[in-house]
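To start, the structure under review is shown below, and the notes come after it.
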Amino acid sequence: MQNREIAAALDEIADLLEFQDANPFRVRAYRNAARRVADHPRSLAAIVAEGGSLTQIDGIGKDLAEKIATLIATGKLPMLAELQAEVPSSVLTLLRIPGLGPKKAAALFKQLNIQSLDMLRVACDEHRVRDLKGFGAKTEVLILAGIDLAAQAGKRIYWADADAIVQELRAHLQCTPGLEQLEVAGSYRRGKETVGDLDLLVDAAAHGPVMDRLAEYPGVKDTIARGDTKMSVRLDSGLQVDLRVVPKQSFGAALQYFTGSKDHNVILRGMAKDRGLKINEWGVYHVDNEGNEQGPSIAGCTEEEVYRSMDLPCFPPEIREARDEFPWAAAGKLPHLIELGDIAGDLHMHTSATDGKNTIREMATAAQALELNYIAITDHSKRVTMARGLNAQRAREQWAEIERVNGELAGFRVLKGIECDILESGAMDLPDDVLAEADWVVASLHYGQNQPRKQIMERLLGAIAHPSVHVIAHPTGRLIGRRDPYELDVDELIAAAANHGKMLELNCNPARLDLNDIHCAAAKRHGVPIVMSTDAHSIGGLNTMRYGILQARRAGLTKADVANTRPWAKFAKLLRPK
């Protein structure tokens, strides 16, 4: 059982307990445990198999450790089964309705047997909800208005898609009279793979003009709410945008607060409390023994001020996840995270010889324009028939063409590469003598992805041990929101890569971002170099490197952790002799 499955079970327990109005501390314990499990670099199943103690993980006590061990051993969790028997899973969608807390949701279920948003809509239309104690006609109207929002809640979009919207919003709002500062906070600023909503913070001379300007944005479908300092709109896509107008003296505090993450902020506020301080979205304050603010804010104009008040560095937003950032700061070892300008080469791309749109020369010219030093042309091998994959003869013909292109390029190198499939049997898709002629061999798994873990791992480990293979592409095979990773033990894969001196890819395609940030961080700890590649199928695809940079930064990777930050002369030394 994988960590994400364990975390999902713990999260569902928290949802069900919250619905039943359980003790908030108990709910929070399961939420925190789910996050710790999801973020843990090692497989909990492997720890249990080795006789290790799960209580060594922060936030996992004896009781939770026993439950997790039971889940790993049996695939079931009695407590979760009992809660599921009491509350249908569809009922939890009611909690997505703005302003409808667990108590009211429970009343709807118990008294009207409401088990879905559609059933709730009918009940509201028939005016049955207003008759319940604690509801009334006004609440019924608000619930009815929030059902569509609830149906959209939880639907997240790729960061890349959110970024396109952000750039349009920035351009639209920048011309507002009196606008001084505009920043986007939340999960977007932290560079998460997907974004559920957008949090805009502005510093403006007056509230009205900037809110009016947002309402005029062409993508706005309707205005959810508008007050003196906050406005919420829903876009045609269903994405919610929250705009907050904050005073200049509080802008940094608000940016820090609304950037999050929640867990990062909990630790920061705990540190402040230990110092007799209080940090909120308005600033940093001295407090008395009862927690009452004493005097004006001592910091808040900038994020740097807020963190400086705690003797902390201003953490890059991407690492504000309550993982390693505070220990790094305490040890004076906060890493200088990788930047897009550090990338020297792109080592996974396709041409019109298979399923790409551009020629070798066109890809090379475009890469040169991006100031790269080298690229690898890695068209598919023959197993990928739908892409017209290369057989041995066509691969050699392409490599001869690459040699001709190299002879005409000054100060730039094109590697003779191949993305070679790992067949269902475990064999490589091209003969060993052919692979030995390549400069760069990317091994990937496109077929047989539903095989049992044992077979998947045998295939991957066999490829890592192959003398001509340099890197495993998109190692877990996941497509964000569309396809789960195939069954594999990432810990074992990383250990094998370290043992054989091989590399693992961070595929920068926004639908993949594979390896994820947790696995990239684990690879770093094992000394396994990460290769960041665009997997471009056109010259436009070369620009997706920036999405992978965000993922790498979330993993805490530096320039030294990524193999293709090295100029060609140094990178060439990483290639194992055939």
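The values are calculated or read from the model by the stated rules, or taken from the named source; none is laboratory data. Because the structure is a prediction, the values reported are computed rather than measured. Backbone-built Cβ (ideal geometry, glycine too); neighbour counts: all protein chains shown. For accessibility, only protein heavy atoms count, side chains too; no ligands or nucleic acids. Shrake-Rupley method; radii C 1.70, N 1.55, O 1.52, S 1.80 Å.
Scanning region 433-454 for residues that are open to solvent by 60 Å² or more (accessible area, probe 1.4 Å) and farther than 20 Å from A497 by Cβ yields D433, E437, N450, P452.
Within region 365-387, the set of residues being surrounded by fewer than 19 Cβ atoms within 10 Å (Cβ to Cβ) and modelled with pLDDT under 95 comprises T385, M386. Only residues that are assigned to a loop (DSSP other than H, G, I, E, B) and charged (D, E, K, R) were counted in region 430-446, giving 2.
The residues on offer are A137, A150, and the sole one that is open to solvent by less than 60 Å² (accessible area, probe 1.4 Å), without any contact (Cβ under 8 Å) to a residue 60 or more places away in the chain, within 28 Å of the chain's Cα centre (by Cα) and within 30 Å of Q111 (Cα to Cα) is A150. Restricted to helices (runs of 4 or more DSSP H) entirely inside region 447-566, those with at least 2 residues that are out of contact with any helix residue (DSSP H, G or I) (no Cβ under 8 Å at 6 or more places or on another chain) and at pLDDT 95 or above are 453-465, 490-500, 517-525. Just to be sure before I move on: is E362 in contact with a helix residue (DSSP H, G or I) (Cβ under 7 Å, 6 or more places away or on another chain), buried (at least 16 other Cβ atoms within 10 Å of the Cβ) and either free of Cβ contacts under 8 Å to residues at least 24 places away in the same chain or part of a helix (DSSP H, G or I) (or both) in the structure I sent? No, not satisfied.
Just so you know, in region 293-321 the residues that are of a type in the set (D, E, K, R) and open to solvent by 30 Å² or more (accessible area, probe 1.4 Å) include one that is modelled with the lowest pLDDT, and it is E293.
Per-residue answers, yes or no, for (1) at pLDDT 85 or above; (2) open to solvent by 30 Å² or more (accessible area, probe 1.4 Å):
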{"site": "E12", "(1), (2)": "yes, yes"}
{"site": "F19", "(1), (2)": "no, no"}
{"site": "R35", "(1), (2)": "no, yes"}
{"site": "H40", "(1), (2)": "no, yes"}
{"site": "Q56", "(1), (2)": "yes, yes"}
{"site": "A65", "(1), (2)": "yes, no"}
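Scanning region 119-134 for residues that are among the aliphatic types (A, V, I, L, M) and free of Cβ contacts under 8 Å to residues at least 24 places away in the same chain, which turns out surrounded by the most Cβ atoms within 10 Å (Cβ to Cβ)? Give the derivation first.
So the first thing to find is which residues in region 119-134 are among the aliphatic types (A, V, I, L, M), and the list is 119-120, 122-123, 129, 132.
Subsequent filtering for residues that are free of Cβ contacts under 8 Å to residues at least 24 places away in the same chain retains 119, 122-123, 129.
Details: M119: 17, V122: 12, A123: 20, V129: 24.
Here the residue is V129.
Restricting to region 254-292, what's the tally of residues that are acidic (D, E) and open to solvent by 80 Å² or more (accessible area, probe 1.4 Å)?
Looking only at region 254-292, we keep the residues that are acidic (D, E), and these are 263, 274, 281, 288, 290.
Now drop any that are not open to solvent by 80 Å² or more (accessible area, probe 1.4 Å), which leaves 274, 290.
Within region 254-292, residues that are acidic (D, E) and open to solvent by 80 Å² or more (accessible area, probe 1.4 Å) number 2.
Please verify whether region 81-102 includes one or more residues that are of a type in the set (S, T, Y), open to solvent by less than 70 Å² (accessible area, probe 1.4 Å) and under 23 Å from Y30 (Cα atoms). If you could, list the steps in order and put the result at the bottom.
Narrowing region 81-102 to residues of a type in the set (S, T, Y): 89-90, 93.
Checking the rest, the ones that are also open to solvent by less than 70 Å² (accessible area, probe 1.4 Å) come to 90, 93.
Still in the running and under 23 Å from Y30 (Cα atoms): 90, 93.
Among the residues of region 81-102, at least one is of a type in the set (S, T, Y), open to solvent by less than 70 Å² (accessible area, probe 1.4 Å) and under 23 Å from Y30 (Cα atoms), which makes the answer yes.
The residues of region 41-64 that are within 15 Å of L10 (Cβ to Cβ), within 26 Å of the chain's Cα centre (by Cα), among the small types (G, A, S) and not in a helix (DSSP H, G or I) amount to a single one, G59.
With respect to the stated conditions, A105 fails to be among the aliphatic types (A, V, I, L, M), surrounded by fewer than 19 Cβ atoms within 10 Å (Cβ to Cβ) and either out of contact with any His (no Cβ under 6 Å at 6 or more places or on another chain) or farther than 30 Å from A145 by Cα (or both). Taken over region 513-541, the criterion of being open to solvent by 10 Å² or more (accessible area, probe 1.4 Å), touching a residue at least 40 places away in the same chain (Cβ under 8 Å) and over 22 Å from D39 (Cβ atoms) is satisfied by P529, D535, H537, S538, I539, G541.
Looking at region 208-253, which of its residues are in a helix (DSSP H, G or I), open to solvent by 50 Å² or more (accessible area, probe 1.4 Å) and either touching a strand residue (DSSP E or B) at 6+ places or on another chain (Cβ under 6 Å) or at pLDDT below 95 (or both)?
Within region 208-253, the subset in a helix (DSSP H, G or I) is 208-215, 248-253.
If we keep only those that are open to solvent by 50 Å² or more (accessible area, probe 1.4 Å) as well, we get 209, 212-213, 248-249.
K248 - this is the single residue of region 208-253 that is in a helix (DSSP H, G or I), open to solvent by 50 Å² or more (accessible area, probe 1.4 Å) and either touching a strand residue (DSSP E or B) at 6+ places or on another chain (Cβ under 6 Å) or at pLDDT below 95 (or both).
When K67, K103 are checked against the criterion of being under 23 Å from R36 (Cβ atoms) and in a helix (DSSP H, G or I), K67 stands alone in meeting it.
Sort out which residues of region 1-24 are part of a helix (DSSP H, G or I), closer than 26 Å to D491 by Cα and in contact (Cβ under 8 Å) with a residue 12 or more places away in the chain, and write them in order of number.
Applying the first criterion (part of a helix (DSSP H, G or I)) to region 1-24 yields 3-19, 24.
If we keep only those that are closer than 26 Å to D491 by Cα as well, we get 3-12.
Correct list: N3, R4, I6, A7, A8, A9, L10, D11, E12.
Residues in region 182-229 that are within 21 Å of Q249 (Cα to Cα) and more than 27 Å from the chain's Cα centre (by Cα): D203, A204, A205, A206, H207, G208, P209, V210, M211, G227, D228, T229.
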